[in-house]
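**Q** Below is one structure. I have some questions about it.
The values are calculated or read from the model by the stated rules, or taken from the named source; none is laboratory data. These figures come from a predicted structure and were not determined experimentally. Backbone-built Cβ (ideal geometry, glycine too); neighbour counts: all protein chains shown. Surface areas here come from the heavy atoms of the whole protein model, side chains and all, with no ligands, DNA or RNA. Shrake-Rupley method; radii C 1.70, N 1.55, O 1.52, S 1.80 Å.
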Amino acid sequence: KKILIEQYIPGIEYAVEGWIDNKKEIYIGAISKKNRSKPPKLFDISLIINYQNSALLKAIKNYLIVLSKILRLFNTVFHLEFKFYKNRIYLIDCSVRGAGYSVYSEILSKIIKQNTDQILIDMFFNKPVKINKSSREIFFLKFIYLKNLEKLKKINKQKVEKLKTFCKIKFYRGINKNSKNRNVRFGHILLSSFDRNLLNKEIKVLNNLIF
């Protein structure tokens, strides 16, 4: 028997959102490639959502076939977090739930052009579910933490207007700006494109403007 400790597992961390219907058919909604902070405090800095990689997708499907049999998963939503190293999946978390933050559900609904809440409700009541094929649109989600606030305050109006031309910015309500813990999420910035190269250019512009 082995104990896996997340911060000591090599490889890139990913998350997967999807469903298994009452016929045990597996649907992958989106794969997210994570950029995380350094140990010991592990938190998400940014994510590429609907990340495209055929080898990784195949490995996930094969893994889920085995995992769903072991855990007897059917007619449910699922959320996986794992590290991928040398073509092998090292599971960190498997939950019968949707993604943690509401913004993830909003993005997933856009990717499959379908209400993810309705899918879950239909599954709960054992109604037949048809899940759309995921689009190729890629999203970049960048979290804003309290430690980023001082830098954000220094951004001039010209930079703000430039940001608004290619991204969406949202600040969360009810956050104590004076909290001693500066790793609290204060908001997020969202970019999207069907062109990965264009998205990479926009990410570079974003990072030069703010971070």
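**Q** Considering region 134-159 alone, what residues qualify as being in a loop (DSSP other than H, G, I, E, B) and more than 18 Å from the chain's Cα centre (by Cα)? Walk me through it before giving the result.
**A** First, the residues of region 134-159 that are in a loop (DSSP other than H, G, I, E, B): 134-137, 154-156.
Those that are in a loop (DSSP other than H, G, I, E, B) and more than 18 Å from the chain's Cα centre (by Cα): LYS154, ILE155, ASN156.
**Q** Among the residues of region 142-168, what is the count of those that are closer than 16 Å to SER102 by Cβ and open to solvent by 30 Å² or more (accessible area, probe 1.4 Å)?
**A** 1
**Q** Mind counting the residues in region 98-126 that are surrounded by 12 or more Cβ atoms within 10 Å (Cβ to Cβ) and basic (Lys, Arg)?
**A** 1
**Q** Could you list, in sequence order, the residues of region 169-193 that are under 18 Å from PHE43 (Cα atoms), among the charged types (D, E, K, R) and open to solvent by 70 Å² or more (accessible area, probe 1.4 Å)?
**A** Listed by number, the residues that qualify are LYS180, ARG182.
**Q** Checking VAL129 against (1) part of a loop (DSSP other than H, G, I, E, B); (2) open to solvent by 80 Å² or more (accessible area, probe 1.4 Å), only one condition comes out false. Which one?
**A** (2)
**Q** For region 95-121, what are the residues that are farther than 23 Å from SER54 by Cβ, touching a residue at least 24 places away in the same chain (Cβ under 8 Å) and of a type in the set (A, V, I, L, M, F, W, C)?
**A** Passing the criteria: VAL103, ILE119, LEU120.
**Q** Cβ contacts < 6 Å: first residue in contact (Cβ under 8 Å) with a residue 12 or more places away in the chain and over 17 Å from LEU120 (Cα atoms), restricted to region 67-87; second residue open to solvent by less than 20 Å² (accessible area, probe 1.4 Å) and β-branched (Val, Ile, Thr), any location; separation 6+ or different chain. Result?
**A** What qualifies is SER68/ILE20; LYS83/ILE9.
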